[in-house]
Amino acid sequence: TADRSIALMDTALRRRFEFIEMLPDLEVLNDLLVDGINIKLMLEKINQRVEYLYDRDHTIGHAYFISLKENAILEELENIFKNKIIPLLQEYFYDDWEKIRLVLGDNQKEENYQFIKAKEYDIKSLFGDKNNDLLDIDEVPKIYEINKEAFKDSQSYVKIYQ
């Protein structure tokens, strides 16, 4: 019922108001460099990937990076990614870490530059040989973890767009 009532309200608002599409304005980020990272190119590449994997309505806005204009340091960019961009991507892709890795270019980076690392467990060492039938696992699942050290390295960000 909640979805239905929201849909009715959305329809009512659309009838009564005019909406103007506001896509990310990458020109606002012109000449914004943080420790050798071109923020405009980085966001442009991220948004191209989001648009392809999801849609253009979910591209990431330039406003997330405006604080870098006054505080253009790697720690600020690290904070933006950890507390805003990664959680937003988790929401967009429903914790599909493989798609989040694609958006961040982690599938193309060396492991130490990956924001999200994939690791595999050795089932036999975890559960022993005799438990394979009990687990009923055809394929070894991938487990994902956030690589906190990657956020501190400017090359992790540069390799998103290079």
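R0 = 45 Å: FRET efficiency of L41 with M9, Cβ-based, nearest 0.05?
0.70
How do L104, L33, L23 stack up against each other in accessible area, from largest to smallest, with a 1.4 angstrom probe?
L33, L23, L104
Using only the Cα atoms of the chain, what are the Rg and Dmax in Å?
20.0, 66
Could you work out how far helix 2-16 tilts from the main Cα principal axis of the chain, as a 0 to 90 degree angle to the nearest 10?
Roughly 20 degrees, rounded to the nearest 10.
Which is farthest toward the positive dipole end of the chain among Y161, L29, F151, measuring Cα position about the Cα centre, with Cβ charges +1 (Lys, Arg) and -1 (Asp, Glu)?
Of the candidates, L29 comes out farthest on the positive side.
If the reach is capped at under 22 angstrom between alpha carbons, list the lysines near K124, excluding any in the same chain fewer than eight residues apart.
Within the straight-line cut-off, K124 pairs with K142.
Please give the per residue accessible area of the stretch 36-136, computed with a probe of 1.4 Å over protein heavy atoms only, in Å².
With all protein chains present, the stretch 36-136 gives 58 Å² per residue.
Given a Förster distance of 30 angstrom, what is the FRET efficiency for D95 paired with L23, based on the Cβ-Cβ distance and rounded to 0.05?
0.70
For the stretch 1-95, just say rounded, prolate or oblate: build the C-alpha gyration tensor, square-root its eigenvalues into a ≥ b ≥ c, call rounded for a/c under 1.5, and beyond that prolate if a/b exceeds b/c, oblate if not.
prolate
When only DSSP loop residues count, what trypsin sites (Lys or Arg not before Pro) in the stretch 20-84 have their Cβ near at most 16 other Cβ atoms within 10 Å?
Sparse-neighbourhood loop trypsin sites (Lys or Arg not before Pro): none present.
Under a point spin-label approximation (7 Å from Cα along Cα-to-Cβ), what is the Q48-N83 distance to one decimal in nm?
According to this spin-label approximation, the distance is 3.1 nm.
How much of the accessible area of the chain, probe 1.4 Å, is carbon plus sulfur, in whole percent?
Carbon and sulfur atoms account for 48 percent of the accessible area of the chain.
Of all GluC sites (Glu not before Pro) in the stretch 1-94, which ones are in loop regions per DSSP and have a Cβ with at most 12 other Cβ atoms within 10 Å?
E18, E21, E70
The values are calculated or read from the model by the stated rules, or taken from the named source; none is laboratory data. Values in this document were obtained by computation on a predicted structure and should not be read as measured data. So basically every Cβ, Gly included, is an ideal-geometry build from the backbone, and we count neighbours across all protein chains shown. To get the accessible areas, we keep the full protein, side chains included, count just its heavy atoms, and leave off ligands, DNA and RNA. Shrake-Rupley method; radii C 1.70, N 1.55, O 1.52, S 1.80 Å.
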